[in-house]
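Take a look at the structure below.
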Amino acid sequence: MSEISYPHIRTQTNLKKKTDQKHIQTNSSDFDLEDMLHRFQHAPDQTAFLGMVGEDFPVMFDLKDPRTQSILTVSDHLPSLRRLMLVMVQSIAAYTTPENFQYVVISDYPEKWMQTIEKFDSNYEYCAGVSGGYENSAEDWILYLASKTESRLNGRQNSASVILFVDDLNQLEKMDMQVRLNYDWMLRHSSKVNIWMVAGTDAQQVHQARQNVNRFRTRIFGQMDHKLAPSFKDIIPVSILETLEPNRNFSTKIGSDWIRFWAPKLQG
């Protein structure tokens, strides 16, 4: 079973064999999130869309499937990673009630997040909180969710699925050691009880980014400077990283294939 899946992957695998490509890709980038949600309006609840491979195959992950575990996005342009996270949030909200899905954001740019959230969730029905990485409340949220994870692992009834977004993992370096240990523990265990860690890391800070990549099971790579690509060559072929275009073009591994996809445009 793939870490991040989409329908008819067998068809795509056959296409790969016929064309003898190293990875599956598409140049079909002219679509927005509203188009995507309308086209796949019958998707199961608690489904997060990430983008499209070609014109027919959505890339998504299921919040009910713990095998994805934690998700790391990697690029040298953090705003593009934030937009991908917003695509995830908005798509889940389109298919899921607030009783079944909540999310928390830790960011050094909380005002920007709140300005965007107000456009599609003006009453903050899905958003449990937005904290600056420099605020004490950011540490409180991590400790709270670690406690919630432990309670659920010990048999207490699961309630809503939760995603904790940390749009730049460097924020954690400024936090208390106990908080960081709790976060690392959740990376390994929280998805078993529908609490998900989704984070971004800046490829320009190569040493830190490499450490972060090794901590996460599922990785999504975005565009980065060609000089940075060799630093990740043992994880993803440099030839793939060098073909990614700025802002909305990403690649992730599904089974044995590196899949290149386009994230939808966000309106507004």
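When Ile235, Ile240 are screened for being β-branched (Val, Ile, Thr), over 15 Å from Leu81 (Cα atoms) and touching a His at 6+ places or on another chain (Cβ under 6 Å), only Ile240 passes.
The set of residues in segment 27-40 that are more than 20 Å from the chain's Cα centre (by Cα) and at pLDDT below 85 comprises Asn27, Ser28, Asp30. Within segment 90-108, the set of residues being β-branched (Val, Ile, Thr) and touching a Cys at 6+ places or on another chain (Cβ under 8 Å) comprises Val104, Val105. All of Tyr126, Tyr109 fail the test of being under 24 Å from Ser190 (Cα atoms), among the aromatic types (Phe, Trp, Tyr) and in contact with a helix residue (DSSP H, G or I) (Cβ under 9 Å, 6 or more places away or on another chain), apart from Tyr126. Every condition in (1) modelled with pLDDT of 95 or more; (2) more than 23 Å from Val179 (Cβ to Cβ); (3) of a type outside the set (Val, Ile, Thr) is met by Ser122 except one, and the failing one is (1). Selection of segment 98-115 for residues being closer than 24 Å to Val59 by Cα, of a type in the set (S, T, N, Q) and at pLDDT 95 or above yields only Gln102. When Trp196 is tested against (1) among the hydrophobic types (A, V, I, L, M, F, W, C); (2) surrounded by fewer than 21 Cβ atoms within 10 Å (Cβ to Cβ); (3) modelled with pLDDT of 95 or more, only condition (2) is not met.
Filtered by the rule that a residue be in contact with a Leu (Cβ under 9 Å, 6 or more places away or on another chain) and either under 20 Å from Phe61 (Cβ atoms) or not hydrophobic (A, V, I, L, M, F, W, C) (or both), segment 231-245 gives a lone residue, Lys233. Determine if segment 137-157 includes at least one residue that is among the aromatic types (Phe, Trp, Tyr), farther than 24 Å from Arg180 by Cβ and at pLDDT 95 or above. Within segment 137-157, none of the residues are among the aromatic types (Phe, Trp, Tyr), farther than 24 Å from Arg180 by Cβ and at pLDDT 95 or above.
Here the strands (runs of 3 or more DSSP E) wholly within segment 39-142 that include at least 3 residues being touching a residue at least 24 places away in the same chain (Cβ under 8 Å) and surrounded by fewer than 19 Cβ atoms within 10 Å (Cβ to Cβ) are 127-132.
Kindly indicate whether Phe216 is in contact with a Leu (Cβ under 9 Å, 6 or more places away or on another chain), hydrophobic (A, V, I, L, M, F, W, C) and over 25 Å from Phe101 (Cα atoms). Spelling it out, it is not the case that Phe216 is in contact with a Leu (Cβ under 9 Å, 6 or more places away or on another chain), hydrophobic (A, V, I, L, M, F, W, C) and over 25 Å from Phe101 (Cα atoms).
The values are calculated or read from the model by the stated rules, or taken from the named source; none is laboratory data. Since the structure is predicted, the reported quantities are computational estimates derived from the model, not experimental observations. Counting neighbours? That spans all protein chains shown, and the Cβs are built from the backbone with ideal geometry, glycine included.
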